[in-house]
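What follows is calculated from the coordinates using simple rules that are stated; it is not laboratory data. Being a predicted model, the structure only gives us computed values, none of them experimental. Cβ placement follows ideal geometry from the backbone for every residue including glycine, while neighbour counts extend to all protein chains displayed.
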Ligand SMILES: Nc1ncnc2c1ncn2[C@@H]1O[C@H](COP(=O)(O)OP(=O)(O)OP(=O)(O)O)[C@@H](O)[C@H]1O
């Protein structure tokens, strides 16, 4: 087996805007993150995939600078920003790294119109100098996220559907001209029928604006729609990562295989008792995956898998 340390993984590549190295985050005795190293690059999305509680949101919040790691380093454009810097630097980074949250209903202030939600950041960050410029910029932003500017700008959040609200949230994140977009389960609270539209919107703006994107999801199947790279997390650790096509096409870690086998396949016939068998199998995989080793194998170029640890007899 080709065993290599974590420091030779994708986190060492040079063109990264954000680079995390060996990030750990504990909450009391809970180790939410246990050595996360990854890089976000312009025009590319990295999907962080795993089940509830594996540490995805904690990682997203650290990248968005809403939380700080217990140890490890975060670099932004090559500069160590692990500790918050001076006010001007910190303001610049907060602008440069924007977050789209899971809940489109909670993220907009019900007392303000869509126009207010978008004009405010435009004016605050100097992307519009007066009301006229703000009006034109709001119209462009709304059109860019697929909303009718004339109709939508004057509406209030309660007058919009979930999908429209999430589009407004995306427009608001774009209003400040970010370099990095962190999207934390951006479709999980939306109607199934519109999830793909939102993913396609994110993929398009990533491409057109050359954004580096961190896409958080529990659904590995959606990673293929948007992300060039995937990191599969289990219990705060990266267990398998690399190019999306390699990880999804040739999953090597039992937990990645479990996530992929849980993706519904309409062509697979229903077999009585399969749910119970699947749940028992899932418990078995989790039990075997938890004692993880430090050994990381490079399966093929830029596709890595962590070895299982020793399961107590
Ligand atoms: N502020 C906090 N205080 C205490 N424990 C926390 C806090 N934030 C996260 N945790 C714990 O850290 C672990 C990882 O949580 P996190 O929210 O990052 O996981 P997740 O993969 O995003 O899950 P979900 O998809 O349910 O949001 C969990 O055990 C969680 O209970």
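Some observations on this one:
- Residue within the stretch 151-165 that is touching a residue at least 60 places away in the same chain (Cβ under 8 Å), closer than 17 Å to residue 101 by Cβ and either part of a loop (DSSP other than H, G, I, E, B) or touching a strand residue (DSSP E or B) at 6+ places or on another chain (Cβ under 6 Å) (or both) present: no
- Residues within the stretch 13-35 that are touching a helix residue (DSSP H, G or I) at 6+ places or on another chain (Cβ under 6 Å) and within 11 Å of the ligand (Cβ to nearest atom), tallied: 3
- Counting only helices (runs of 4 or more DSSP H) that sit wholly inside the stretch 48-130, those with at least 2 residues that are out of contact with any strand residue (DSSP E or B) (no Cβ under 7 Å at 6 or more places or on another chain), more than 16 Å from the ligand (Cβ to nearest atom) and farther than 30 Å from residue 230 by Cβ are 87-96, 114-124.
- Of residues in the stretch 31-46 being part of a loop (DSSP other than H, G, I, E, B) and in contact with a strand residue (DSSP E or B) (Cβ under 6 Å, 6 or more places away or on another chain), the one surrounded by the most Cβ atoms within 10 Å (Cβ to Cβ): 41
- Test set (1) touching a strand residue (DSSP E or B) at 6+ places or on another chain (Cβ under 8 Å); (2) farther than 19 Å from residue 197 by Cβ - residue 137 fails condition number: (1)
Quick grid of which residues meet (1) assigned to a strand (DSSP E or B); (2) touching a strand residue (DSSP E or B) at 6+ places or on another chain (Cβ under 7 Å); (3) in contact (Cβ under 8 Å) with a residue 12 or more places away in the chain:
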{"residue": "167", "(1), (2), (3)": "no, no, yes"}
{"residue": "170", "(1), (2), (3)": "no, yes, yes"}
{"residue": "173", "(1), (2), (3)": "no, yes, yes"}
{"residue": "195", "(1), (2), (3)": "no, no, yes"}
{"residue": "201", "(1), (2), (3)": "no, no, yes"}
{"residue": "214", "(1), (2), (3)": "yes, yes, yes"}
{"residue": "223", "(1), (2), (3)": "no, yes, yes"}
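- Subset of the stretch 198-218 that is surrounded by 22 or more Cβ atoms within 10 Å (Cβ to Cβ) and within 16 Å of the ligand (Cβ to nearest atom) - its residue that is farthest from residue 40 (Cα to Cα): 217
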